1. Multiplying the sequence separation of Tyr261 and Lys163 by 0.36 nm and subtracting their Cα-Cα distance, what value in nm do you get?
2. Translational D (Stokes-Einstein, µm²/s) of the range 120-189 at 20 °C and 1.002 mPa s when Rh comes from the Kirkwood sum over C-alpha pairs?
3. What accessible area per residue, rounded to a whole number of Å², is obtained for the range 19-112 using a probe radius of 1.4 Å?
4. Under a point-charge model restricted to the Cβ atoms of Lys and Arg (+1) and Asp and Glu (-1), what is the dipole moment magnitude of the range 120-189 relative to its Cα centre, in debye to the nearest 20?
5. Quick check on packing: order 147-157, 68-78, 182-192 by the mean number of other C-beta atoms within 10 Å, highest mean leading.
6. Under 5 Å between amide H atoms, partner at least 5 residues away or on a different chain: which partners does Phe120 have, H built in plane at 1.01 Å?
7. By the scheme Lys and Arg +1, Asp and Glu -1, what is the net charge of all other residues having a beta-carbon under 12 Å from that of Arg74?
Amino acid sequence: MFHFNGFNMMFPDHTRPFNSSYKCYSVYMLPGSERHDVENGGKIIMPPSALDQLTRLNVEYPMLFKLTNQQRNRSTHSGVLEFVADEGKIYIPYWMMRNLLLEEGDIVQVQSVSLPTATFSRFQPQSADFLDISNQKAVLENALRNFACLTTGDLIAIKYNNKIYELCVLETKPGNAVTIIECDMNVEFAQAIGYEEPKPMRRDEEPMAIDPAHLASAQQGFVAFKGEGNRLDGKKKKEPSISESPVPMQKMNYVRGIPDYDHPFGLLRFDRTNRSLDNGDEEKKSDDFKIFQGEGFTLKKNRK
């Protein structure tokens, strides 16, 4: 028993985690040049005194923290990026302040924690615009390199092509808060807010496979020059009288070179038979056709 108490006296800091309160400010209030690397991630900036205290406590790496707004009973988790903040202050991303319901200068409690390594997470895009990205998982993987933790229920913000996309962390495994540093994590996406599934087309709205003009031509046969004429002066064409009524056009027989619109759709015919002429046609051909019956001419002119 005495030895146990002596152990606590020799190493008193090992039994106490880091726990301190700071005034919280967004990254935009950080003195100096604008820090986009902090805003586009999930890590905070703490004062140098915090590093000294963490070193004395021998806090394990990577350093992970639980941030709590005790007045609103809201909490999240983060890593630390630098120890350059003014004493008594911390600077965190603006999206993290919204999750904690914090205003500039509000008090936030920072406590060191140890989190399990992530194996699975599910996100829900807050806008259908996220679906315009060709490879959402690759973009998310690249953005999460600036994060150290994920907390179920958080609304994180990532930047891609100068546009901010918000995603809600719906689920994390094996716990409600996980670390994503050097891990193999399976990622799934829930249906984006505002996205609507395309409605199936009704049968009467489906596009027709056959052009109605061709269908009409197939039913009536091919008739050349059957369009209506228009006058250049814009006047309407006179209606023909009964006596001047046009002669009804008759369906023309199939002529080579003109499509046969009555041909059954999807039917191919390959006619390989050798058609011989009838005897009467052969005699007619032999009577009509005589070889070398034309007139001859010479290139050399006759002197006479």
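The values are calculated or read from the model by the stated rules, or taken from the named source; none is laboratory data. Here the structure is a predicted model, which means the values were calculated and not measured. Every residue, glycine among them, receives a Cβ derived from its backbone with ideal geometry; neighbour counts consider all protein chains shown. All accessible areas refer to the heavy atoms of the entire protein, side chains included, with ligands and DNA or RNA removed. Shrake-Rupley method; radii C 1.70, N 1.55, O 1.52, S 1.80 Å.
1. 29.7 nm
2. On the way: Rh = 12.3 Å.
Rounded, D is 174 µm²/s.
3. Result: 50 Å² of accessible area for each residue.
4. Using only the charged Cβ atoms, the result is roughly 80 debye.
5. 147-157, 68-78, 182-192
6. Distant-sequence amide H within range of Phe120: Lys173, Asn186.
7. +1
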